[in-house]
Amino acid sequence: MKKVLLILLSTLLCAAFAQDLLIGHTDPGQTGDVEEHIAGDPYYDRVDLENWCSDTPTVDHLLEYDCVFTWNGLPYDDRALLGHNLADYVDQGGAVVILNFCWGYSPWGLSGRIMDDSDYCPLTLVYRCGGRDDQDLGDYDPDHPIMAGVESITGIYYWIYLGVWPDATWIASLTNGYALVGINAWENVVGINMYPGDNRRWSGDGWILLNNAIQYIMGEPGTVAVTSWGRLKAVFE
């Protein structure tokens, strides 16, 4: 009976903690490394990639996933509508990771409530332009789970002059002092001042950082899911 209950609990937990990720981008031809290092991570149960150059997902479509990871290399189909839909998605329990070049210093950026309302995207423009020189991982909070295993990221060539909203939490900076990582007060939107496409140039622990961010906000902040057989077994012993 104990073993039957253990198997049943394991099955229920696997279903309860299913992790489905939607990667929405406007960077066709530049997604190979994202597919390998993020979509290929066994943590995720389902990962879909979508090109949003000519299509804007509905809120209902976004709600099929536990987290949305987005960046742009070309303009979004409708950047304002997408931003409103992402905010509505967050309001209904979703989580979003936002990367370069989403900050709207050009018409290519993301807009709408997800970017305009400080309750959502934790990073905000300081100057309306982007940097074009190598920066590294600077100061960071080593105790934050998003930085677990992240010790060095070098050669971040594509970055933007960003700060952190007062109500959000700073997690990491570039070596020039501008924000690299922040999370909003509700811990369901992460901003990362880094470009993940194949032309990114950076090296080091960037993929660890990106997966940490996705996986942290996929779960309930401050909790760890009991999923391994050993930990489940310990509950019954």
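The values are calculated or read from the model by the stated rules, or taken from the named source; none is laboratory data. Everything quoted here is computed from the prediction, not taken from an experiment. Cβ placement follows ideal geometry from the backbone for every residue including glycine, while neighbour counts extend to all protein chains displayed.
The table below gives the values:
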| quantity | calculated |
| --- | --- |
| Failed item in (1) under 20 Å from Asn188 (Cα atoms); (2) in contact with a Cys (Cβ under 8 Å, 6 or more places away or on another chain); (3) of a type in the set (Ser, Thr, Tyr), with Tyr76 passing the rest | (1) |
| Members of segment 38-94 found to be acidic (Asp, Glu) and either over 16 Å from Gly104 (Cα atoms) or touching a His at 6+ places or on another chain (Cβ under 8 Å) (or both), listed by number | Asp41, Asp45, Asp48, Glu50, Asp55, Asp60, Glu64, Asp66, Asp88, Asp91 |
| Extreme residue, surrounded by the most Cβ atoms within 10 Å (Cβ to Cβ), among residues of segment 45-64 that are under 21 Å from Asn211 (Cβ atoms) and out of contact with any helix residue (DSSP H, G or I) (no Cβ under 8 Å at 6 or more places or on another chain) | Glu50 |
| The one condition in (1) aromatic (Phe, Trp, Tyr); (2) more than 17 Å from Leu125 (Cβ to Cβ); (3) buried (at least 22 other Cβ atoms within 10 Å of the Cβ) that Tyr195 fails to fulfil | (2) |
| Segment 192-211 - residue that is outside any helix (DSSP H, G or I) and among the hydrophobic types (A, V, I, L, M, F, W, C) and, of those, farthest from Val96 (Cα to Cα) | Trp202 |
| Residues located in segment 35-69, provided they are touching a residue at least 60 places away in the same chain (Cβ under 8 Å) and either among the acidic types (Asp, Glu) or touching a Gly at 6+ places or on another chain (Cβ under 8 Å) (or both) | Asp41, Asp66, Cys67, Phe69 |
| Test: residue in segment 4-21 that is modelled with pLDDT of 95 or more, assigned to a loop (DSSP other than H, G, I, E, B) and in contact with a strand residue (DSSP E or B) (Cβ under 6 Å, 6 or more places away or on another chain) | no |
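The rows are residues; the columns are (1) under 19 Å from Asp66 (Cα atoms); (2) basic (Lys, Arg); (3) at pLDDT 95 or above; (4) not in a loop (DSSP other than H, G, I, E, B).
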| position | (1), (2), (3), (4) |
| --- | --- |
| Trp103 | no, no, no, no |
| Trp108 | no, no, no, no |
| Ile114 | yes, no, yes, yes |
| Tyr120 | yes, no, yes, no |
| Leu125 | no, no, no, yes |
| Gly130 | no, no, no, yes |
| Asp133 | no, no, no, yes |
